[in-house]
Structure formats: C-alpha cells, structure tokens
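Chemist: First the structure, which I've put down as structure tokens, then a few questions once you've had a look.
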Amino acid sequence: MTQQSEWQPRPASWWERVMVPKLIGCACAQPQIMKARSRIVPKAEGDVLELGCGGGINMAFYDPARIKSFSGVDPSAGLLDRSREAAQVIGMEADIRGGVGEAIPFASESFDTVLCTFTLCSVDDQQQVLAEMRRVLRPGGKALFLEHGSAPDEGVRKWQRRIEPVWKRIGGNCHLTRPITSAYEAAGFKVSGGDKGYMPKSPRPFSWIEWGEARI
Ligand SMILES: C[S@@+](CC[C@H](N)C(=O)[O-])C[C@H]1O[C@@H](n2cnc3c(N)ncnc32)[C@H](O)[C@@H]1O
C-alpha cells in the first residue's frame with residue numbers, strides 16, 4: 001500500500017510561493033472555467049477526496065446534502081491555506097492535508113468520490129496519481145475529472161508543444177500536451193457521462209478541456 005505520512009513540501013522559490021497561487025487564483029476562476037466546474041463538481045457524493053484541492057475554487061460547487069465527509073490533498077502550502085478558508089466559509093468540515101497525488105496520504109478504499117480538476121496537468125507522474133486514485137476509491141466509487149490538455153487538432157498541438165517548456169516553468173509545472181480521458185482509460189477506468197471541447201474566449205492551446213466520470 002502506498003501511503004506517505006512523512007511527506008515534506010519541496011523547497012519553493014518566491015515565484016512558486018507567491019506568484020503561482022495568484023496566477024492559479026486568476027486563471028482557474030475565469031467564467032468559462034467556473035461554468036465547466038458547475039457541470040462536474042456537484043456530482044461528488046459520500047466520502048469525498050479532492051485531489052489538488054489548492055485554492056478551494058471548487059468548494060462553492062459542492063452539494064453539501066450529498067457529502068458525508070470532505071478531505072483534500074495539495075502540495076502547495078499557500079494554496080492549502082486558501083482551501084481551508086474556502087471550506088470554512090461554506091461551513092464544511094474538512095480534513096485537508098499536505099501531500100501529493102503520487103502518494104495520497106489516506107488509507108486504501110477510503111472514498112466514494114475522488115474529484116480532480118485542472119491538476120493532472122501539474123503532477124509529476126500522471127499514471128502513478130491515477131493508480132493512487134484507484135487505491136483510495138472504494139469498490140463502486142468514482143473519480144470525477146475536469147482537465148485541460150492535448151488538443152485533437154495537430155495545428156493546436158504544435159503550439160502546445162512549443163509553448164509548454166516555458167509555460168510549465170512559470171505556471172507551476174502545468175503541462176499543455178497531456179492526455180486526459182485516454183489517461184484514465186489507460187489506468188483501467190471506464191469513463192462515461194462527460195464531454196470535451198474548446199472553451200470559448202480562450203486561446204486554443206490552453207482551452208481544450210475534457211470532463212467525465214471514471215469508474216474502476
Ligand atoms: C492549476 S492548479 C488547480 C487547482 C484546483 N484543482 C482547481 O481546480 O482550481 C493545479 C493544482 O495541482 C496541485 N499539484 C501540483 N502537483 C501536484 C501533485 N503532485 N499532487 C497533487 N496536487 C498537485 C497544485 O498545487 C495546484 O493546486
């Protein structure tokens with residue numbers, strides 16, 4: 001069983017500590033992104049884990065009537081504080097821990113739902129994170145996802161490949177060229193109930209999103 005209780009944050013630069021949380025707060029709260037969140041987050045139910053909960057932007061979209069307990073994991077100290085504040089604001093009791101998706105600091109089969117939004121772009125090892133999601137989900141549980149990533153059009157993908165090396169350095173390791181639905185499928189999930197497309201009013205290399213429900 002992979003569980004990392006002694007996880008320690010990596011030393012972070014000024015840019016990572018101060019600027020990346022501000023950038024995420026602005027970029028991830030655009031109206032078209034908030035609309036996409038409203039399609040997926042309210043489906044969370046039971047014992048819920050939000051992986052990469054940094055910033056707490058999803059908090060406003062949960063349906064408290066469907067949630068038995070709420071837990072979160074994120075490696076960013078600055079963003080963790082914001083998540084805890086966001087949980088307090090809506091009166092949600094929350095167990096929010098520092099950690100990474102590659103070694104989720106919760107026991108196996110603890111959750112009915114794992115929600116992960118705009119996070120698989122930033123992790124170090126996408127397939128390890130997906131394996132960890134499977135570990136902490138109960139049989140019959142579901143992963144809810146909403147991510148940006150590799151576009152279907154070669155012309156857009158060419159720009160994603162060009163921009164990514166610089167973008168990931170300023171954007172908290174955010175990659176533009178990662179697969180989304182197919183990554184869940186490669187990890188053994190069956191995906192349903194979602195869709196994909198370019199978000200309006202956003203540059204195409206940044207705006208291809210996919211969302212859905214992934215079951216073991
Ligand atoms: C673009 S932000 C998205 C935050 C939030 N999920 C949302 O939808 O607004 C990416 C998040 O992934 C977190 N993150 C980066 N590496 C991670 C890892 N290895 N495991 C879990 N979360 C990670 C960052 O700290 C940050 O909170």
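Chemist: What residue, among those in the stretch 70-87 that are surrounded by fewer than 20 Cβ atoms within 10 Å (Cβ to Cβ) and of a type in the set (Asp, Glu), is farthest from the ligand (Cβ to nearest atom)?
Modeler: 85
Chemist: Inspect the stretch 160-177 for any residue being in contact with a Lys or Arg (Cβ under 7 Å, 6 or more places away or on another chain), under 19 Å from residue 117 (Cα atoms) and among the β-branched types (Val, Ile, Thr) and give the result as yes or no.
Modeler: Checking the stretch 160-177: at least one residue is in contact with a Lys or Arg (Cβ under 7 Å, 6 or more places away or on another chain), under 19 Å from residue 117 (Cα atoms) and among the β-branched types (Val, Ile, Thr).
Chemist: Sort through 54, 98, 91 and tell me the only one that's buried (at least 19 other Cβ atoms within 10 Å of the Cβ) and more than 21 Å from residue 215 (Cβ to Cβ).
Modeler: 54 is the lone residue from the list that is buried (at least 19 other Cβ atoms within 10 Å of the Cβ) and more than 21 Å from residue 215 (Cβ to Cβ).
Chemist: Do we find a residue being in a strand (DSSP E or B) and within 16 Å of the chain's Cα centre (by Cα) anywhere in the stretch 31-45?
Modeler: Scanning the stretch 31-45 turns up no residue that is in a strand (DSSP E or B) and within 16 Å of the chain's Cα centre (by Cα).
Chemist: Mind listing whichever residues of the stretch 118-174 are away from the ligand (no atom under 11 Å from the Cβ), under 19 Å from residue 52 (Cα atoms) and outside any helix (DSSP H, G or I)?
Modeler: If the condition is that a residue be away from the ligand (no atom under 11 Å from the Cβ), under 19 Å from residue 52 (Cα atoms) and outside any helix (DSSP H, G or I), then 137, 141, 142, 143, 144, 149 are the ones that fit.
Chemist: Write out, first by first residue and then by second, each pair whose Cβ atoms fall under 8 Å of each other, whose residues are 6+ apart or on separate chains, and whose first residue, in the stretch 174-185, is at pLDDT 95 or above while the second is surrounded by 19 or more Cβ atoms within 10 Å (Cβ to Cβ) and of a type in the set (Phe, Trp, Tyr).
Modeler: Close Cβ pairs (under 8 Å, with a partner that is surrounded by 19 or more Cβ atoms within 10 Å (Cβ to Cβ) and of a type in the set (Phe, Trp, Tyr)) amount to 176/206; 180/145; 184/145.
Chemist: If you take the residues in the stretch 50-69 that are under 15 Å from the mean Cα position of the chain (by Cα) and part of a helix (DSSP H, G or I), which one is nearest to the ligand (Cβ to nearest atom)?
Modeler: 57
The values are calculated or read from the model by the stated rules, or taken from the named source; none is laboratory data. These figures come from a predicted structure and were not determined experimentally. Cβ sites come from the backbone with ideal geometry, for glycine too, and all protein chains shown count toward neighbours.
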